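Enquirer: Pasting a structure here, questions to come.
The values are calculated or read from the model by the stated rules, or taken from the named source; none is laboratory data. Predicted model, so just to flag it, every value in this text is computed and none were measured. Note: ideal-geometry Cβ built from the backbone for every residue, glycine included; neighbour counts use all protein chains shown.
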Amino acid sequence: MNLENIDKNYVLQTYARNYVNFKKGKNATLFDDKAKDYIDFTSGIGVVSVGHGNKKVADAIYKQVKHITHVSNLFAIEPQALLAQKINQLAGYDVGVFFSNSGAEANEGALKIARKYGRTKFANKKYKIITLEHSFHGRTIATVKATGQTKFHSDFFAPYPDGFVFVPTIKDIYETIDDETVAVMLELIQGEGGVSPFNKEEIQELASYLKEKDILLIVDEVQTGVFRSGEFLTSKLYNIEPDIVTLAKGLGGGVPIGAILTKHKELLTAGDHGSTFGGNYLVTRAALTVLDILEKSKKDGDLDKTIVYFDKKLKALAKKYKDKMEFVTGIGLMRGIKIVDDETLGKIVSQSFNEGVLVLKSGRSTLRFLPPLTITKKEINKGFERLENAIKNI
Ligand SMILES: *Cc1c(COP(=O)(O)O)cnc(C)c1O
């Protein structure tokens, strides 16, 4: 079988792909069809939060789908209800949850909630949503427009929906707000935009200003959520309780699931929103198991130890290769190293692959790390050894 040929003939070529054929995974280690192993510092872009081939998740999925995979949202779904309850508990403030299948879809739902809020709570219709430069909110027509990077707003796909304005910095939000502004949507750590965390005080100040003005704060935690930063929600690290939070990537440990959390629990009513697959037995059972594992890891102190150790390795590497690396950024296990230029970054990523360690690029010449939250010390050591070999060879 020639995987590359089949892929190129039959799969739409929308990704610049690496033609490796992974056959097996064990926590943060992947094995290809030639039994070469790779340390995975990407977890499939922040998805495989509890590692590859996680036995607890696999067993829970199997046990579930042996009986029921799907019945539709016309019926109550036990693991869905339990997952919503669990998310509410972990969030630490009273939110209701809607389940979608992806991050973009969760954000679409968040935008709908904001639009309904703007339509029903005020005498005049409010619909404008302010987002930030270098943000990323998804690939649907609305979420791509919400994404504050003009390179994504290709004329191929125009016209886009009205009502999205993006601004360069948090400070610019204040003067952009007008009487049609209903919400501000942002990531606390911009994942695709260079793994850049916003300043805590600046965010807190914004959150209280918005509250005072009755403008919703939507925090896109599709990447930062589910313990990626060390807390269930990065919003908690920032001491804010957003009106709406979206989750996806790490929530299902690899199964496609997204979630919208909102304190405006009564706003959407029957018929306002829906999803055929969203929150079915399979994905919610998987997510419940993922949250059990991660909650325990947090409680036992394992997650925090891993974060500290990874941070130490990152800083040591950046210090040693000052000629190529400018600074370390990010929070928790969502980390980056600013590389001197894009060309060097490209070389590091491809040479790392050859050496057997998977790393990612992010905007603004950033080498990005999103390892499984369960990565072991041994895997971290091996990964950094290989990364160093890659850098030495450039
Ligand atoms: C990945 C990502 C999305 C899009 O999620 P999909 O599941 O690919 O639709 C949205 N927002 C942020 C912050 C993301 O990192």
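Enquirer: If you go through region 84-98 one residue at a time, do you hit one that is assigned to a strand (DSSP E or B), over 23 Å from Leu206 (Cβ atoms) and within 16 Å of the ligand (Cβ to nearest atom)?
Expert: Of the residues in region 84-98, the ones assigned to a strand (DSSP E or B) are 96-98.
Filter once more, keeping what is over 23 Å from Leu206 (Cβ atoms): 96-98.
In the following step, the residues that additionally are within 16 Å of the ligand (Cβ to nearest atom) were identified as 98.
The answer is yes, given that some residue of region 84-98 is assigned to a strand (DSSP E or B), over 23 Å from Leu206 (Cβ atoms) and within 16 Å of the ligand (Cβ to nearest atom).
Enquirer: Also: Given the conditions (1) within 22 Å of the chain's Cα centre (by Cα); (2) crowded, with 18+ Cβ neighbours inside 10 Å, and given that Ile348 satisfies all but one, which numbered condition is not satisfied?
Expert: Every condition holds for Ile348 apart from (1).
Enquirer: Considering only region 133-148, state which residues are buried (at least 24 other Cβ atoms within 10 Å of the Cβ) and within 11 Å of the ligand (Cβ to nearest atom). First the steps, then the outcome.
Expert: Going residue by residue through region 133-148, those that are buried (at least 24 other Cβ atoms within 10 Å of the Cβ) are 136-138, 143, 145-148.
Across region 133-148, the qualifying residues are Phe136, His137, Gly138, Thr143, Ala146, Thr147.
Enquirer: Against the conditions (1) more than 23 Å from the chain's Cα centre (by Cα); (2) in a helix (DSSP H, G or I), where does Lys24 fall short? Just the number, please.
Expert: The one condition Lys24 does not meet is (2).
Enquirer: Please determine, by comparing only the residues of region 149-162 that are surrounded by 11 or more Cβ atoms within 10 Å (Cβ to Cβ) and free of Cβ contacts under 8 Å to residues at least 40 places away in the same chain, which one is nearest to the ligand (Cβ to nearest atom). If you could, list the steps in order and put the result at the bottom.
Expert: Kept after step one, since they are surrounded by 11 or more Cβ atoms within 10 Å (Cβ to Cβ), are these residues of region 149-162: 149, 152-153, 157, 160-161.
Within this subset, residues satisfying the condition of being free of Cβ contacts under 8 Å to residues at least 40 places away in the same chain are 152-153, 157, 160-161.
Working: Phe152: 12, His153: 16, Phe157: 16, Tyr160: 17, Pro161: 17 Å.
So, considering only residues that are surrounded by 11 or more Cβ atoms within 10 Å (Cβ to Cβ) and free of Cβ contacts under 8 Å to residues at least 40 places away in the same chain, the one nearest to the ligand (Cβ to nearest atom) is Phe152.
Enquirer: Quick check on my filter: what residues within region 78-101 are small (Gly, Ala, Ser), touching a Lys or Arg at 6+ places or on another chain (Cβ under 9 Å) and surrounded by 15 or more Cβ atoms within 10 Å (Cβ to Cβ)?
Expert: Of all residues in region 78-101, those small (Gly, Ala, Ser) come to 81, 84, 91-92, 96, 100.
With the extra rule that they be touching a Lys or Arg at 6+ places or on another chain (Cβ under 9 Å), the set shrinks to 91-92, 96.
Selection gives Ala91, Gly96.
Enquirer: If the requirement is being more than 16 Å from the ligand (Cβ to nearest atom) and not small (Gly, Ala, Ser), which of these qualifies: Glu202, Glu187?
Expert: Residue meeting the stated conditions: Glu202.
Enquirer: Now a separate question. Return a yes/no flag: does region 46-61 have any residue that is crowded, with 18+ Cβ neighbours inside 10 Å, within 16 Å of the ligand (Cβ to nearest atom) and either outside the structural domain of Arg386 (by TED's automatic domain parsing) or among the small types (Gly, Ala, Ser) (or both).
Expert: Pass one, region 46-61, residues crowded, with 18+ Cβ neighbours inside 10 Å: 46-52, 54, 57, 60-61.
From what is left, the residues that are within 16 Å of the ligand (Cβ to nearest atom) are 46-49.
Restricting the remaining residues to those that are either outside the structural domain of Arg386 (by TED's automatic domain parsing) or among the small types (Gly, Ala, Ser) (or both) gives 46, 49.
Within region 46-61 (the criterion being crowded, with 18+ Cβ neighbours inside 10 Å, within 16 Å of the ligand (Cβ to nearest atom) and either outside the structural domain of Arg386 (by TED's automatic domain parsing) or among the small types (Gly, Ala, Ser) (or both)), the answer is yes, since at least one residue qualifies.
Enquirer: Now, a different point. For region 106-116, check the following and say yes or no: at least one residue is under 21 Å from Tyr238 (Cα atoms), of a type in the set (S, T, N, Q) and either within 16 Å of the ligand (Cβ to nearest atom) or in the same structural domain as Ala287 (by TED's automatic domain parsing) (or both).
Expert: Residues of region 106-116 under 21 Å from Tyr238 (Cα atoms): 107, 110.
Keeping just the survivors that are of a type in the set (S, T, N, Q) gives 107.
Remaining after also requiring either within 16 Å of the ligand (Cβ to nearest atom) or in the same structural domain as Ala287 (by TED's automatic domain parsing) (or both): 107.
Among the residues of region 106-116, at least one is under 21 Å from Tyr238 (Cα atoms), of a type in the set (S, T, N, Q) and either within 16 Å of the ligand (Cβ to nearest atom) or in the same structural domain as Ala287 (by TED's automatic domain parsing) (or both), which makes the answer yes.
Enquirer: Quick one: Lys126 ticks every box in (1) out of contact with any strand residue (DSSP E or B) (no Cβ under 6 Å at 6 or more places or on another chain); (2) in a loop (DSSP other than H, G, I, E, B) bar one, so which box is it?
Expert: (1)
Enquirer: Still on this structure, I have one more. Which residues, counting only those in region 341-366, are touching a residue at least 12 places away in the same chain (Cβ under 8 Å) and either part of a loop (DSSP other than H, G, I, E, B) or acidic (Asp, Glu) (or both)?
Expert: Taking region 341-366 and keeping what is touching a residue at least 12 places away in the same chain (Cβ under 8 Å), we get 341-342, 344-349, 351-366.
Across region 341-366, the qualifying residues are Asp341, Asp342, Glu355, Gly356, Val359, Gly363, Arg364, Ser365.
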